Amino acid sequence: MVADLSAFLGESEKHQASIADYERYGFGDKPKFECVIAEHGSEAVGMCLFFDSFSTWIGRPGVYVQDLYVSDKVRGLGLGKKLLAHVASIGQARGCAYLRLSVDADNVSAQKFYESCSLQWSSSEKVYAVRNEAFFALAALDAK
């Protein structure tokens with residue numbers, strides 16, 4: 001489904017993760033993420049991948065949604081909202097007080113969807129990222 005998501009966004013060439021990566025990091029003693037799956041009939045048609053977060057401003061734990069995807073075959077059935085609500089419920093049961101996510105700047109339909117689910121765009125923040133070789137170069141500065 002993540003490959004379907006990257007294709008939907010027109011970014012298939014950016015998708016580097018393998019099934020082995022998901023198995024390595026999503027299972028075991030300390031999984032790095034969790035994922036809930038939506039089914040329609042007996043077919044997996046949606047997923048919400050998330051992990052724990054913490055806000056120093058709020059002073060409470062939260063949930064960060066990395067990816068939310070619903071197959072275009074079943075969009076409009078409310079599965080995306082159900083997935084988000086389920087993840088929020090999991091977080092609430094663990095003492096979380098918020099849910100955060102980032103959305104692709106060009107994915108206007110997703111932005112409208114999140115707003116319809118009561119999520120608000122934060123104009124006071126920008127997302128920065130460092131990846132691959134630049135990430136390793138940054139980490140190497142710690143040894144110097």
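So the values come out like this:
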quantity: Tally of residues being small (G, A, S) and without any contact (Cβ under 8 Å) to a residue 12 or more places away in the chain across the stretch 34-75; calculated: 3
quantity: Any hit, the stretch 77-93, residues being over 17 Å from the mean Cα position of the chain (by Cα), hydrophobic (A, V, I, L, M, F, W, C) and either surrounded by fewer than 12 Cβ atoms within 10 Å (Cβ to Cβ) or more than 23 Å from A38 (Cβ to Cβ) (or both); calculated: yes
quantity: Pairs where the first residue, in the stretch 85-108, is within 21 Å of G46 (Cβ to Cβ) and the second is part of a helix (DSSP H, G or I), C-beta under 6 Å, 6+ apart; calculated: L99/A88; V103/A110; V103/Q111
quantity: Residue in the stretch 117-126 that is in a strand (DSSP E or B) and surrounded by fewer than 16 Cβ atoms within 10 Å (Cβ to Cβ) present; calculated: no
quantity: Which listed residue is of a type in the set (A, V, I, L, M, F, W, C) and more than 20 Å from Q111 (Cβ to Cβ), from V87, V45, V65, V70; calculated: V45
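Values in this text are rule-based calculations from the coordinates and carry no lab data. Here the structure is a predicted model, which means the values were calculated and not measured. Glycine gets a Cβ as well: all are built from the backbone with ideal geometry, and neighbour counts include every protein chain shown.
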